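No value in this document is a laboratory result; all are computed from the given coordinates. Note that the coordinates shown come from a computational prediction; the quantities given were computed from them, not determined experimentally. Every residue, glycine as well, gets a Cβ built from its backbone with ideal geometry; the counts of neighbours run over all protein chains shown.
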Amino acid sequence: MFSRNKRCYLRKDEVIPKAAMLLGGIAAEELIFGPNGITTGSSSDIATATSMVTTMLKKQGFGPSPILYSDSTTEESRFYHNNHDIEEQVRAMIEDALSLAKETLAKEKTMLLELANYLSEHSKIEKPKLIEFCKNYLTTPPILSIRKDHFRSTLKQAILEHRHKYPNTKDHIELSVVAKKRHGK
């Protein structure tokens, strides 16, 4: 996953919430218009969610075993070729993501309806207006939060715990040295 020339890593526990976000359109249509009222408007979001989950399981090692799966039986032998289990996991994760999207939108139905009403009169919504809607109508915090320093703070905590557990180790990692090297200082 890339974002403005910076590599963004997706954690395993973020896959289903991210897929739920992608499936929000079809979930919203079903919630508002019923199961027969869904449209083809969400087809690219469904494809993106399915592709993302499939890639995470087949190519990123997010399945139960860190195995690299093939996309076809013609690929090199370094790939594992039994995709049936992975395809079942993809189906289950997409269903979990759709359930999460429906559950979240049902809880946030006021926000959904107010936002839909606004968008029925405007072709798009700008970020400040969306933030205003969130402040006024959102009842629960967003599921997929962006924590820029999550990995760094987790690493710092692990280092401190290691130092506490092994206080006599001479080769302690200097956090400031690591930080300076990372930022080119």
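Structure notes:
- For segment 13-72: Kirkwood Rh in Å [reciprocal of mean 1/r, alpha carbons]: 12.7 Å
- Total formal charge among the other residues, if their Cβ is under 14 angstrom from that of residue 41, Lys/Arg +1 and Asp/Glu -1: -3
- Spin-label model distance (nm) - residue 88 vs residue 113, 7 Å beyond Cα toward Cβ: 4.2 nm
- Pairs over the 20 Å Cα-Cα cut-off, from the set 12/109; 59/156; 58/102; 12/58; 12/59; 109/129: 12/109; 59/156; 58/102.
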